[in-house]
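Participant: A single structure is presented below for examination.
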Amino acid sequence: MTRRVYLFKGFERFWHWAQAALIVFMLVSGFEVHGSYRLLGFARAVQLHTLAAWVLIGLWVFAIFWHLTTGEWRQYVPTTDKIVAMVRFYAVGIFKGDPHPFKPTSLHKHNPLQRLAYLLALVVIGPLIWISGALYLFYGDWGALGLANLPLAWVAWAHTAGAFLMLSFLIAHLYLITTGHSLTSQLRSMITGWEEVA
Ligand code: HEM
């Protein structure tokens, strides 16, 4: 017996997919800037990476404002409730066809591991990328900003480390979205807003 739950409002779905497209573009253009391959040409990759960075920062500001004003930020407050059951499910239960230990509702959309992962992305990966990216962007002004002694290599390292963390997050995220009630139920809920829950 399954039921349908309305999980993701219009703005959330827009924010999610716009962010996904921008992050994929940042990865593709960023690793070209890094020298990993040639696709757009270095100068064009830098130009488009910088343009998309401003759009992404604008989207993040909007999304933070939306979460604060709607109270949806509560969805990311970490909890230990059912966390052991979730770890056991992903490590063992999922391969034996055990039922999912967490049933989403509109008040609790994310399981406890999702909460932790998204919080980590928000407070560690995000800031690492945008602070180092902004420093990179304003390299010409470091003297005026009192940062003349900051080694550029540290900023490049931090930004690239952030990019690898974001890529790891994306790969894990793509796998985990297939682990809902059916292979595509979680993907469909981010398109239609409605999720099938067992
Ligand atoms: C998901 C987000 C992002 C990813 C995956 C990403 C990835 C990368 C990578 C891999 C590089 C090459 C680093 C190197 O070899 O030293 C790079 C360069 C750069 N990124 Fe990002 N980045 C992201 C977001 C941002 C943001 C938000 C900003 C600005 C605030 C930004 C600004 C820059 C700049 C200015 C460069 C150097 C371009 C140059 O060499 O002139 N990036 N990025």
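Participant: The stretch 112-153: D in µm²/s via Stokes-Einstein (Kirkwood Rh, Cα pairs, 10 °C, 1.306 mPa s)?
Facilitator: 134 µm²/s
Participant: Would you tell me the accessible area of Lys103, worked out with a 1.4 angstrom probe on the heavy atoms of the protein chains, in Å² to the nearest 10?
Facilitator: Rounded to the nearest 10, that gives 80 Å².
Participant: While we're looking at this one, here's another question. For the stretch 124-177, what percent of Cα pairs sit more than 17 Å apart?
Facilitator: Tail of P(r) above 17 Å: 43 percent of Cα pairs.
Participant: With θ taken as phi - 60° and the coefficients 6.51, -1.76 and 1.60, list the Karplus ³J(HN,Hα) couplings across the stretch 71-88 in order, rounded to whole Hz; mark glycine and proline as x.
Facilitator: x, 5, 4, 4, 5, 9, 6, x, 9, 9, 4, 6, 5, 5, 4, 5, 4, 5
Participant: Find the relative contact order for the stretch 55-111 and round it to a whole percent, using C-alpha pairs within less than 8 Å whose residues are 6+ positions apart.
Facilitator: Dividing the mean separation by the residue count of the stretch 55-111 yields 28 percent.
Participant: Rounded to whole Hz and in sequence order, give me ³J(HN,Hα) for the stretch 44-58 from the Karplus expression 6.51 cos²θ - 1.76 cosθ + 1.60, θ = phi - 60°, writing x for Gly and Pro.
Facilitator: 5, 4, 4, 4, 6, 4, 5, 4, 5, 4, 5, 5, 5, 5, x
Participant: Using 0.36 nm per residue, how much length does the chain from Trp194 to Phe11 gain when fully extended, once their Cα-Cα distance is taken away?
Facilitator: 64.5 nm
Participant: Please sort by residue number the trypsin sites (Lys or Arg not before Pro) in the stretch 108-198 whose DSSP state is loop and whose Cβ has at most 15 other Cβ atoms within 10 Å. Can you show the working numbers first?
Facilitator: Working: sites: Lys109, Arg115, Arg188; in loops: Lys109.
Filter output for the stretch 108-198: empty list.
Participant: What number, rounded to the nearest 500 deg cm²/dmol, is the helix-based mean residue ellipticity at 222 nm of the chain, given -39500 (n - 2.57) per DSSP H run of at least four residues and division by all its residues?
Facilitator: Per the formula, -19000 deg cm²/dmol.
Participant: For the stretch 2-32 and the stretch 38-74, what is the centre-to-centre distance using only Cα atoms, to the nearest Å?
Facilitator: 12 Å
Participant: Return the sequence-ordered ³J(HN,Hα) values of the stretch 186-191 in whole Hz as given by the Karplus equation 6.51 cos²θ - 1.76 cosθ + 1.60 applied to θ = phi - 60°, using x for Gly and Pro.
Facilitator: Computed from phi, the couplings for the stretch 186-191 are 6, 5, 5, 5, 7, 9 Hz.
Participant: Quick check: convex hull of the Cα atoms in the stretch 1-108, volume per residue, rounded to a whole Å³? Kindly include the intermediate steps, with their values, before the conclusion.
Facilitator: Working: hull volume 18.5 nm³, N = 108.
With only Cα atoms used, the stretch 1-108 gives 171 Å³ per residue.
Participant: May I ask you to derive the relative contact order of the chain, considering only C-alpha pairs under 8 Å and at least 6 residues apart, and to give it as an integer percent? Spell out each step's value before the answer.
Facilitator: Details: 166 pairs, mean separation 63.8, N = 198.
In percent, rounded to a whole number, it is 32.
Participant: So, one more: Return the equivalent ellipsoid semi-axes of the chain as a descending list in whole Å, where each equals the square root of 5 times an eigenvalue of the C-alpha gyration tensor.
Facilitator: Square roots of five times the eigenvalues give 35, 18, 17 Å.
The values are calculated or read from the model by the stated rules, or taken from the named source; none is laboratory data. Treat the numbers as computed from the prediction; the structure is a model and nothing was measured. Cβ coordinates were reconstructed from backbone atoms using ideal geometry, including for glycine residues, and neighbour counts include every protein chain displayed. These area figures cover heavy atoms from the full protein model, side chains too; ligands, DNA and RNA do not enter into them. Shrake-Rupley method; radii C 1.70, N 1.55, O 1.52, S 1.80 Å.
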